[in-house]
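The values are calculated or read from the model by the stated rules, or taken from the named source; none is laboratory data. Since the model is a prediction, treat every value here as computed from it, not as a measurement. Positions of Cβ are backbone-derived with ideal geometry, glycine not excepted, and every protein chain shown enters the neighbour counts. SASA here: full protein model, heavy atoms, side chains in, ligands and nucleic acids out. Shrake-Rupley method; radii C 1.70, N 1.55, O 1.52, S 1.80 Å.
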Amino acid sequence: MRHNGALALAFHATFVTFILAPIVVVCAVAFTPEGYLSLPTKGFSLRWFKAILNYPEFLRAFRDSLWLAALSSTIAIGLAVPAALAIARYRFPGREAMTALFLSPLMIPHVVLGIAFLRFFSQIGLSGSFLGLILSHIIVVLPFALRLVLAASYGIDQRIEHAAISLGANSFVTFRRVTLPLIMPGVVSGWVLAFINSFDEVTMTVFIASPSTTTLPVRLFLYIQDNIDPLVTSISASLILMTAVLMIVLDRLFGLDRLFLGSAKS
Amino acid sequence: QQKVMYFASYGGSFEQAVRKEIIPPFEAKHGVKIEYVAGNSTDTLAKLQAQRGNQQIDVIVVDDGPAYQAVALGFCGDLEPADVYKDVYPIVKFKSNKAIGVGLVATGLMYNKKAFEENKWPAPTSWADLKDPKYKKKLVVPPLNNTYGVHAVIAAAALNGGGETNIEPGFQAFKNEIGPNVLAYEPSPAKMTELFQNGQAVIAVWGSGRAKVLADTGFPAEFVYPKEGGIALGTAACTIAGSKNNKEAQAFVQYLVSPEVQRVMAKSAGFGPVNQTVTLSPDEQKGIPYGEQAKTLRAVDWDVVNQHREDWNKRWTREVER
Amino acid sequence: MTTNPKLAPLLLSGPALLVFIGLVLAPLVMTALLSFYDWGQYKGIVAEFTIKNWHEVITDEYYYEIFGRTLRIALFVTAISVVIGVPEAYILNRMSPQWRGVFLLVVIGPLLISVVARTLGWALLFGSTGLISQALLTLGAVREPIDLMFTESGVVIALTHVLVPFMVLAVMAALQRLNPDVENAAMSLGASGFTVWRRVILPQIVPGILSGSVIVFALAASAFATPAIIGGRRLKVAATLAYDEFLNTLNWPLGAAIAMILLGALVAIIVGSNRLIERRYAQVFE
Amino acid sequence: MSYLALERLTKAYGGVLAVEALDLTVARGEFISLLGPSGCGKTTTLQMIAGFVEPTSGRAMLEGTDLFGVRPNKRGLGVVFQSYALFPHVTVAENVAFGLEMRGVPRAEREQRVKQTLDLVGLSGLADRYPRRMSGGQQQRVALARALVIQPAILLLDEPLSNLDAKLREEMQTELRTIQRSVGTTTILVTHDQGEAMALSDRIVIMNKGRVEQIARPDEAYARPASAFVANFLGKTNVVSAKVVSEGSRHIVDIAGFRLPVPDRSPTGPVTVTVRPERITFVDDPALGIRGCVHSRVFQGTHWLFHIETELGALIVLRQNDGAAVPLEGENVRLAWGENDLLIEALGAS
Amino acid sequence: MSYLALERLTKAYGGVLAVEALDLTVARGEFISLLGPSGCGKTTTLQMIAGFVEPTSGRAMLEGTDLFGVRPNKRGLGVVFQSYALFPHVTVAENVAFGLEMRGVPRAEREQRVKQTLDLVGLSGLADRYPRRMSGGQQQRVALARALVIQPAILLLDEPLSNLDAKLREEMQTELRTIQRSVGTTTILVTHDQGEAMALSDRIVIMNKGRVEQIARPDEAYARPASAFVANFLGKTNVVSAKVVSEGSRHIVDIAGFRLPVPDRSPTGPVTVTVRPERITFVDDPALGIRGCVHSRVFQGTHWLFHIETELGALIVLRQNDGAAVPLEGENVRLAWGENDLLIEALGAS
Ligand SMILES: Nc1ncnc2c1ncn2[C@@H]1O[C@H](COP(=O)(O)OP(=O)(O)OP(=O)(O)O)[C@@H](O)[C@H]1O
Ligand SMILES: Nc1ncnc2c1ncn2[C@@H]1O[C@H](COP(=O)(O)OP(=O)(O)OP(=O)(O)O)[C@@H](O)[C@H]1O
Ligand SMILES: [Mg+2]
Ligand SMILES: [Mg+2]
């Protein structure tokens, strides 16, 4: 194991600063006592964190968002893994067309998708249902899952799979016990990206969400229609905190590193 | 199984007020559950268009411009006659009788009082102030596809003798004199707010209701009616043609113009009442076009505007927003 | 897996294909058809075949400018993401497991926060009264306040911030499978750290970089929120244009035509470069 | 009837013929080794039997049924891959247990058999290690254990001992032999080590450039190679020119003046004579053998290897390190061999 | 002065001591082999010298300067990795050319040297192949070519020939020796093949469990192993119990009745006697040696390996395949050896 040099660490520090800068700003603003966004803030107050409690619909939307993101990203990864293996392993006619189709949701402005789905769902009677929401989210997050699994599927030593087969494993067992662990880094990062994108999607969801099941970003989006106040930032800050806590717990339980990178890495 | 009626209108503080104070009594009285479908006016129109022929929404409340469009596109059904409509100012009634105004705000100028004081600038008084070079990159105007934007262009045209029927002077003014001052053409209230809050913008063309909401957060925002006159912006309701809950929908629109609801909307959303029987105390009037103030407002002829809208939009995006 | 090589890809991609054919193709075809419909302010959408929308988009240089800007922004964002995201992934990969965990969190965490909130942070930093401008003024680096708000540079910076984590994750997934001995072998042959990186590591992680780039490019080219907030209305990109047509003028046929052209251009670019790169680096795509 | 039969098995990679029309029958319980130069198609052959390389043509029959109709995971083979192909993401014990799990062996028995097999290959202490954290030879033994533990009917071993030291290799060879004898496992071994092949195999298959050169018992192939290639490949050998003359009733070969009687059926005239280095002795009698000078002398533990310059060219000589004094480099020596140590071919015959 | 000096080099992986306080000095141009059982720390040692494994303690000096201050890419070593570590994404020729490019060798010369080296390892036709499309032995040769082509001052070779057949291995050995002689390359070779180590090396280092057991010339280590481990590791050996008695002025060792004179300094009383299998001969004289019965007889090409049951236990005997008749399995034989073939240790001394 070699170490990062000074130059690398300097680069890393700059990168992290770049990534964190706006987040830190958002978090700092969350503690303002003022009724509006201001920086630098003069005082310190938890007023906007307490304000979250006045909006039970945010909490409900948060829960719905979690469910939606978890379900759609899990289903998407379930569809993406075999598809990615097909694309990585085989050369067949229509391979590129298929890849393009799978990636197309990335390339259509989400407002167009939103309206197309709204029209489509209202014709097949799925309008406003949670199922419709899940289906549409599967579509928009699948490309992420697919691309990352694809990146991990190239270059796997197939002889390792052959070894499993020679020991009597059928295709499914070989996949579950050997191939999947080998591409695990891609699968986990693919799932995470899918989750995050579903959790954060708003432009499309505004059209398909029903009044009774709405996601947190849609709620926030509608909330800030006429007024951006520090509530947005305090909710964001709480999200960051929750994510951090969740990740730390996961890290303690499983090791984040292992989760992302597979256990085989030294 | 309880009946569910879908009501589509603005999100944000308006939604809060409607959910808390307006919907519950109606639900109790009519035994119906109301689902609030939030979105701004154009979102709502888009949803109507998407579900054409299979409408889910029963009642909408949108800006008057989009309301005219909704009527024109045939989304709105006829309003059934009712006593309460007699009390409504005739000016907010639609000739087609497919929609009716439920609130009135004014388009005028909003500025940051604190910033003006720091710069020792006098408060703006006229639409012509938009051309003042000292506001370079500090002015925000909503774009033409937004109702406030339409008002701004018409007001600018009026300064040089134009109007709805002769918009040319408006475009000229925006291209040559106002344009350089404009920091952004910003339709989103949220972003408008943000630009004011972080100090980049100090003056804007905006609605009285929005200004009131912003001022209520404690921000030093001040609204002025320009001396040439503010412009009236109505908020209109209509029932959706083909609604499965037409009875309740009709009742809901009637309910919206009833004095008790009008009062609530004045308080929480800064809507000037359209029902003549509503009286507001001087304190309640603050920031709301009401009484004499309301009479100075200039109305826009939407039929003319909508006729030219397509061309204007094109010109706007190509000549002004570049 | 050794099922029939003709049938296997179909079986494997079958479920995803079914979902996509059912759920993407239908709306896509509907949108494509829509782009050939007529529209009027008062008559709304009329189901009559016309090519006027396409004609309009193709003949009006206004649209060229916007598509040009969209592609330019997307290219810049992709290029910058590669330039900073790939080294960062590599550096992360070489960290000790604990630190790697922490910084993975740092890199991915921000993705969980609404784009709107993140972009808001940038807006606070960017404006003429923002922190960056003030800091530079205080340091004396600039004389006039600088304003990144409503500029293309601002959009590129903010979009890069939003999208670079995708690159980092994609590249890290590919870095996992490198054999460290191969890196050592290169070094033993006299290659400096940088050369090892360029000649040995980079070519092997091309699939990861490609995946990252495809995602970043597609997302940058079809991004809506960030260009809308940071760029404002004067810096229109294809997505905001389509948004306007769909939501403000309700001219869906025109919006659909714009979306289809954007889709077509992106598919062409992505599939083209995909094919080019897969061919150029055929060995690592096995 | 043969147990496993390969019939004109052929594999072409693009233009390259890796294996060409290979015919081979293996009896149940037989131990076969594939021998041949690097790149001659040994691994390819094994992989075709295992089902991981699809043959271009030809077929493989197992007990009369076509093997290619059977899915690889149903063939019940134990395979050691040349590159080990260990599962990198699980421990050694889990690697070894995999095949047993697939066979539904209950946990208790599984653990016991895994332990046993790890003991067998000398890895008892390392059950919980990950393969990446082991030395090359240790990894190779895990691969071997993984194939052995399932007690397959057929074992396909691709250089399974190449990274082990002599001591351990011999132990493993003994184990392989024992297993094969006691369980009756049919074994096909690919090895580059001729000693190993000879010591273990019932028959060896010598391949060259994708083709079979000879299939025979080890000693047979060594003593009577079917071709110059085989002779040369199976151990070092000396090839010199000579001529056979008939003197009276006898045939005599004359190798640079060193004359030996040969069987009557030998061709007369110019011949090439092949003599193995271990058959050449140093003699003192100046009337006997041929003269040479020690060019180099290499110690190899159990024996010495000499390169001797003679008028026939350089000859190699192998002498057991039995304690007797051996010539020094630069010393003049006389070399001789017996009449039975020769292989005589008419010139240009091979 | 020594060229390369390892001083108390130690590496611990977590709790496992892979290499422990290793001391070794290598002269310029010397050929050293590391020998030892699988997992004894050979690769780890090599990787520490190369700079890819950081030692836990100790240091390595090259011409008096601390090697660990020098970046691995500046050490100018040629390394063959046990796992080959070929660049998978470029062709064979590009793999081999890489080191030359790094040294700024102009294209024309580069191509010529690559071609030469590929010829040397017998891969002339495969320059444009990708490593993945080659056999195991071919890949190994690419790795070797890649290290050789740069003509490094020091070569570190980790089992570079383990997947090659005897023929090719010997050719490569000769090449290595030639290069070392002509260019003066200092070479450290890790090998599991004792014959290879003995044949090539100036000195061999025998390691066990991370520690050095002996450093000596090959024949020296073979003849005078520093420990029972070394004796046992370097070729097979027989260890039997006997006793030394003094008879008059002479010491005599009595091995189950087979009596031989021994030097006077030998300990008297019970001893263990070590005798190498290649030193044991079959004798006819019933008065000589000890009696045994052939348990098994294995043909190994150049020689035969016997397991003989005797009253001393099982003994192994090696006889060169010199054409003479050898006993059959089950036959009764008598074994004998000379007084100089013995290594005598007092019981419990080792
Ligand atoms: N990354 C690692 N983590 C933990 N232990 C290791 C690691 N690498 C090697 N070891 C252990 O260190 C010891 C020495 O390993 P090394 O690879 O040096 O052995 P070797 O002598 O080269 O053996 P072989 O002949 O089998 O290649 C072994 O017991 C091995 O299990
Ligand atoms: N995937 C492949 N594509 C093209 N050629 C290949 C491929 N695999 C092997 N070959 C070629 O086929 C021939 C036979 O290869 P194979 O691996 O069977 O050799 P081998 O006898 O096992 O050699 P070794 O002893 O070196 O392992 C070789 O010349 C090799 O270069
Ligand atoms: Mg092979
Ligand atoms: Mg090793």
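Give the range D:38-74 a look and list any residue that's hydrophobic (A, V, I, L, M, F, W, C), in contact with a Leu (Cβ under 7 Å, 6 or more places away or on another chain) and either within 16 Å of ligand 3 (Cβ to nearest atom) or closer than 30 Å to E:Leu168 by Cα (or both), or say none. Even if it seems obvious, please write down each step before you answer.
Narrowing the range D:38-74 to residues hydrophobic (A, V, I, L, M, F, W, C): D:40, D:46, D:48-50, D:52-53, D:60-62, D:67-68, D:70.
Then keep just the ones that are in contact with a Leu (Cβ under 7 Å, 6 or more places away or on another chain); that gives D:46, D:48-50, D:60-62.
Scanning the range D:38-74 gives D:Leu46, D:Met48, D:Ile49, D:Ala50.
B:Tyr6 versus (1) assigned to a strand (DSSP E or B); (2) away from chain A (no Cβ under 14 Å); (3) among the hydroxyl-bearing types (Ser, Thr, Tyr): which is the lone unmet condition?
B:Tyr6 satisfies every listed condition except (2).
So which pairs qualify, if the first residue must be in the range C:91-112 and of a type in the set (Lys, Arg), the second must be in a helix (DSSP H, G or I) and buried (at least 20 other Cβ atoms within 10 Å of the Cβ), the Cβ gap must be under 6 Å, and the two must be at least 6 apart or on different chains?
C:Arg100/A:Asp257; C:Arg100/C:Leu92
Being at negative phi and in contact with a Phe, Trp or Tyr (Cβ under 6 Å, 6 or more places away or on another chain) narrows it down to one residue among E:Thr191, E:Thr187, E:Thr174; which is it?
Working: E:Thr191 fails: in contact with a Phe, Trp or Tyr (Cβ under 6 Å, 6 or more places away or on another chain); E:Thr174 fails: in contact with a Phe, Trp or Tyr (Cβ under 6 Å, 6 or more places away or on another chain).
The unique qualifying residue is E:Thr187.
If you take the residues in the range B:51-82 that are at pLDDT 90 or above and among the charged types (D, E, K, R), which one is nearest to A:Gly114 (Cα to Cα)?
Per the stated criteria, the residue is B:Asp58.
Can you tell me which residue is nearest to ligand 4 (Cβ to nearest atom) among those in the range E:137-163 that are more than 20 Å from E:Glu30 (Cβ to Cβ) and at pLDDT below 90?
E:Ser162
Only one residue in D:Thr178, D:Thr187, D:Thr174 is surrounded by 16 or more Cβ atoms within 10 Å (Cβ to Cβ) and more than 16 Å from ligand 2 (Cβ to nearest atom). Which one? So that I can check it myself, show each step before the final result.
On the way: D:Thr178 fails: surrounded by 16 or more Cβ atoms within 10 Å (Cβ to Cβ); D:Thr174 fails: surrounded by 16 or more Cβ atoms within 10 Å (Cβ to Cβ).
Of the residues listed, the single one that is surrounded by 16 or more Cβ atoms within 10 Å (Cβ to Cβ) and more than 16 Å from ligand 2 (Cβ to nearest atom) is D:Thr187.
Could you identify the single residue in E:Arg146, E:Arg181 that is in contact with a Gly (Cβ under 9 Å, 6 or more places away or on another chain), touching a residue at least 60 places away in the same chain (Cβ under 8 Å) and of a type in the set (Lys, Arg)? Explain how you work it out, then say what you get.
Working: E:Arg181 fails: touching a residue at least 60 places away in the same chain (Cβ under 8 Å).
Matching residue, one of E:Arg146, E:Arg181: E:Arg146.
Residue-wise test of (1) open to solvent by 20 Å² or more (accessible area, probe 1.4 Å); (2) within 30 Å of C:Leu28 (Cβ to Cβ); (3) assigned to a helix (DSSP H, G or I).
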site	(1), (2), (3)
A:Ile19	no, no, yes
A:Gly35	no, no, no
A:Leu85	no, yes, yes
A:Glu96	yes, yes, yes
A:Ser104	no, yes, yes
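Part of a loop (DSSP other than H, G, I, E, B) and farther than 30 Å from E:Asp193 by Cβ: is that true of D:Asp254 in this structure? Let's see the steps before the verdict.
On the way: part of a loop (DSSP other than H, G, I, E, B): no; farther than 30 Å from E:Asp193 by Cβ: yes.
It is false that D:Asp254 is part of a loop (DSSP other than H, G, I, E, B) and farther than 30 Å from E:Asp193 by Cβ.
Only one of these is in contact with a Lys or Arg (Cβ under 8 Å, 6 or more places away or on another chain) and hydrophobic (A, V, I, L, M, F, W, C): E:Ala143, E:Ala127, E:Ala147. Name it. Step through it out loud before you land on a result.
Numbers: E:Ala143 fails: in contact with a Lys or Arg (Cβ under 8 Å, 6 or more places away or on another chain); E:Ala147 fails: in contact with a Lys or Arg (Cβ under 8 Å, 6 or more places away or on another chain).
Among E:Ala143, E:Ala127, E:Ala147, only E:Ala127 is in contact with a Lys or Arg (Cβ under 8 Å, 6 or more places away or on another chain) and hydrophobic (A, V, I, L, M, F, W, C).
Counting residues that are out of contact with any Ser or Thr (no Cβ under 6 Å at 6 or more places or on another chain) and closer than 25 Å to B:Leu183 by Cα, which strands (runs of 3 or more DSSP E) fully inside the range B:59-149 reach at least 1?
Values: elements: B:59-63, B:100-112, B:139-141.
Counting at least 1 such residues, we get B:100-112, B:139-141.
Between a residue in the range D:150-178 that is within 12 Å of chain E (Cβ to nearest Cβ) and any residue that is within 16 Å of ligand 1 (Cβ to nearest atom) and among the basic types (Lys, Arg), which pairs come within a Cβ distance under 6 Å, given they are 6 or more apart or on different chains?
From residues that are within 12 Å of chain E (Cβ to nearest Cβ), the pairs are D:Leu161/D:Arg169.
Answer with yes or no whether E:Lys42 is among the basic types (Lys, Arg) and within 16 Å of ligand 1 (Cβ to nearest atom). Can you show your working first?
Values: among the basic types (Lys, Arg): yes; within 16 Å of ligand 1 (Cβ to nearest atom): yes.
Considered against the rule, which asks whether it is among the basic types (Lys, Arg) and within 16 Å of ligand 1 (Cβ to nearest atom), E:Lys42 comes out as yes.
Would you confirm, using the coordinates I've provided, whether E:Ala12 is within 12 Å of chain D (Cβ to nearest Cβ), at pLDDT 90 or above and farther than 22 Å from E:Val183 by Cα? Write out each step before concluding.
Details: within 12 Å of chain D (Cβ to nearest Cβ): no; at pLDDT 90 or above: yes; farther than 22 Å from E:Val183 by Cα: yes.
When the stated conditions are applied, E:Ala12 does not pass them.
Looking only at the range E:120-140, decide whether some residue is out of contact with any Ser or Thr (no Cβ under 8 Å at 6 or more places or on another chain), without any contact (Cβ under 8 Å) to a residue 60 or more places away in the chain, open to solvent by less than 30 Å² (accessible area, probe 1.4 Å) and within 16 Å of ligand 1 (Cβ to nearest atom).
The answer is no, given that none of the residues of the range E:120-140 is out of contact with any Ser or Thr (no Cβ under 8 Å at 6 or more places or on another chain), without any contact (Cβ under 8 Å) to a residue 60 or more places away in the chain, open to solvent by less than 30 Å² (accessible area, probe 1.4 Å) and within 16 Å of ligand 1 (Cβ to nearest atom).
Being within 14 Å of E:Val240 (Cα to Cα) and in a strand (DSSP E or B) is the filter; apply it to the range E:270-290 and report the residue that is nearest to the other protein chains (Cβ to nearest Cβ).
Looking at residues that are within 14 Å of E:Val240 (Cα to Cα) and in a strand (DSSP E or B), I get E:Val275.
Could you grab me the full set of residues in the range C:191-211 that are at the interface with chain A (Cβ under 8 Å from one of its Cβ atoms) and either within 30 Å of B:Lys191 (Cα to Cα) or open to solvent by less than 20 Å² (accessible area, probe 1.4 Å) (or both)? Walk me through it before giving the result.
Here is the first cut: in the range C:191-211, the residues at the interface with chain A (Cβ under 8 Å from one of its Cβ atoms) are C:193, C:204, C:207-208, C:210-211.
If the condition is that a residue be at the interface with chain A (Cβ under 8 Å from one of its Cβ atoms) and either within 30 Å of B:Lys191 (Cα to Cα) or open to solvent by less than 20 Å² (accessible area, probe 1.4 Å) (or both), then C:Pro207, C:Gly208, C:Leu210, C:Ser211 are the ones that fit.
Being surrounded by fewer than 23 Cβ atoms within 10 Å (Cβ to Cβ) and closer than 20 Å to D:Phe306 by Cα is the filter here, so list the residues in the range E:204-218 that pass it.
Scanning the range E:204-218 gives a single hit, E:Arg217.
Taking the range C:234-248 as the region of interest, how many residues are assigned to a helix (DSSP H, G or I), at the interface with chain B (Cβ under 7 Å from one of its Cβ atoms) and open to solvent by 10 Å² or more (accessible area, probe 1.4 Å)? Lay out the reasoning, then the answer.
If we filter the range C:234-248 for residues that are assigned to a helix (DSSP H, G or I), which is where we start, we get C:238-248.
If we keep only those that are at the interface with chain B (Cβ under 7 Å from one of its Cβ atoms) too, we end up with C:244, C:246-248.
Those still in the list that are open to solvent by 10 Å² or more (accessible area, probe 1.4 Å) too: C:244, C:248.
Final tally of qualifying residues: 2.
Report, by residue number, each residue of the range E:53-82 that is open to solvent by 20 Å² or more (accessible area, probe 1.4 Å) and within 16 Å of ligand 4 (Cβ to nearest atom).
Matches in the range E:53-82: E:Val53, E:Gln82.
Looking for whichever is at pLDDT 90 or above and within 16 Å of ligand 3 (Cβ to nearest atom) here; the options are D:Val79, D:Val121, D:Val96. Which one fits?
On the way: D:Val121 fails: within 16 Å of ligand 3 (Cβ to nearest atom); D:Val96 fails: within 16 Å of ligand 3 (Cβ to nearest atom).
Going through D:Val79, D:Val121, D:Val96 in turn, just one is at pLDDT 90 or above and within 16 Å of ligand 3 (Cβ to nearest atom): D:Val79.
Name the single residue, out of those in the range D:304-322 being open to solvent by 40 Å² or more (accessible area, probe 1.4 Å) and either more than 22 Å from D:Ala256 (Cβ to Cβ) or assigned to a strand (DSSP E or B) (or both), that is modelled with the lowest pLDDT. Walk me through it before giving the result.
In the first step, residues of the range D:304-322 are kept if they are open to solvent by 40 Å² or more (accessible area, probe 1.4 Å); the result is D:307, D:309, D:311-312, D:314, D:319, D:322.
Subset that is either more than 22 Å from D:Ala256 (Cβ to Cβ) or assigned to a strand (DSSP E or B) (or both): D:307, D:309, D:314, D:319, D:322.
Values: D:His307: 86, D:Glu309: 87, D:Ala314: 84, D:Arg319: 85, D:Asp322: 76.
Of everything passing the filter in the range D:304-322, D:Asp322 is modelled with the lowest pLDDT.
Where residues in the range E:87-132 are of a type in the set (Lys, Arg) and within 16 Å of ligand 2 (Cβ to nearest atom), which of them is nearest to C:Asn184 (Cα to Cα)? Show your work before the answer.
Step one: of the range E:87-132, the residues of a type in the set (Lys, Arg) are E:103, E:107, E:110, E:113, E:115, E:129, E:132.
Okay, now just the ones that are also within 16 Å of ligand 2 (Cβ to nearest atom), so E:129, E:132.
Numbers: E:Arg129: 22, E:Arg132: 19 Å.
Residue satisfying both the conditions and the ranking: E:Arg132.
Under the condition of being under 24 Å from C:Val164 (Cβ atoms) and within 14 Å of chain D (Cβ to nearest Cβ), which residue from the range A:156-210 is farthest from the chain's Cα centre (by Cα)?
The selected residue is A:Ile183.
Select from the range A:46-79 the residues that are within 14 Å of chain B (Cβ to nearest Cβ) and either of a type in the set (A, V, I, L, M, F, W, C) or open to solvent by less than 20 Å² (accessible area, probe 1.4 Å) (or both) and list them in ascending order.
Step one: list which residues in the range A:46-79 are within 14 Å of chain B (Cβ to nearest Cβ), which gives A:47-48, A:51, A:54-58, A:60-61.
Answer for the range A:46-79, where residues must be within 14 Å of chain B (Cβ to nearest Cβ) and either of a type in the set (A, V, I, L, M, F, W, C) or open to solvent by less than 20 Å² (accessible area, probe 1.4 Å) (or both): A:Trp48, A:Ala51, A:Phe58, A:Ala61.
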